[in-house]
Amino acid sequence: MSSIINCEWALTSFTKSSIHGPSILGRRFHMEERNPMEGKARIVGLDLSKKTFVGCNLTGERFEKRSFFNGRMDEAGREKLASRLTEKDIVFMEGGTSSFNLARELKANTKATIIVLNPAKLHKAIASDCKTDKNDAYLIAEYARDKNWEKWCVLEVPTERESEYRSIITTSIFLTQERTKLINRLHAVFNQNG
């Protein structure tokens, strides 16, 4: 019974907060007051897929030198990525389930600054004809370098509990829609056959 109440609370909180702007279950997110790029030596743009990731490092005085790396999204690959990061790094990735999980893990295991970007707004800002993982990683890093930090389309990384609520809500919505489709099909069959 309590899980049903919690689900209803999450659904109510989520829908109410989504009406009023970018928030996670009722909490509004605000960017830091100071420029997170201060004191950073490397910008890392990550493009994630379910099984792999591609990264683009921007280094140098004006972050003009670029290099690429890749890895797997398994435990060993994530640990290797975390071991490469220092407090002088700022990591950017596009929002999504796998990036939220990775961001939580990197925040817990590194001193790097981790920033997750809103995918809907990011795609408008970095539209490109060349859609490769390598190019996407570079475009994410370039976006971070070239865009004023106060205008970054930042998302707050949801907690594991909030992610669970989102999953429950998404599943509930999907099942409700499927139920409606099936009921409509039954009505159509009944109407055809009298």
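Any read-out appearing in this document is the output of simple, stated calculations on the displayed coordinates, not a laboratory observation. Remember, predicted model here, so these are calculated numbers, not experimental data. Reconstructed Cβ throughout: ideal geometry from the backbone, glycine too, with neighbour counts over all protein chains shown.
Worth pointing out:
- Spin-label model distance (nm) - E75 vs I168, 7 Å beyond Cα toward Cβ: 2.7 nm
- In this structure, the amide hydrogen of R42, modeled 1.01 Å from its nitrogen in the peptide plane, lies closer than 5 angstrom to those of I90, counting only residues at least 5 positions away or on a different chain.
- Along the axis of the charge dipole computed for segment 60-194 (Cβ charges of +1 for Lys and Arg, -1 for Asp and Glu, origin at the Cα centre), the listed residues I140, L175, G96 are led at the positive end by L175.
- In terms of its C-alpha gyration tensor, segment 102-176 has an oblate overall shape, because the principal axis ratio a/c (a ≥ b ≥ c, square roots of the eigenvalues) is not below 1.5 and a/b does not outweigh b/c.
- A simple rule links phi to the HN-Hα coupling: the Karplus curve 6.51 cos²θ - 1.76 cosθ + 1.60 with θ = phi - 60°, which for segment 137-145 gives 4, 5, 5, 5, 5, 5, 4, 5, 5 Hz, with x for Gly and Pro.
- Where trypsin sites (Lys or Arg not before Pro) fall in DSSP loop in segment 113-169, at most 13 other Cβ within 10 Å: K131
- Distances between placed amide hydrogens fall under 5 Å for V154 paired with N118, all partners being 5 or more residues away or on another chain.
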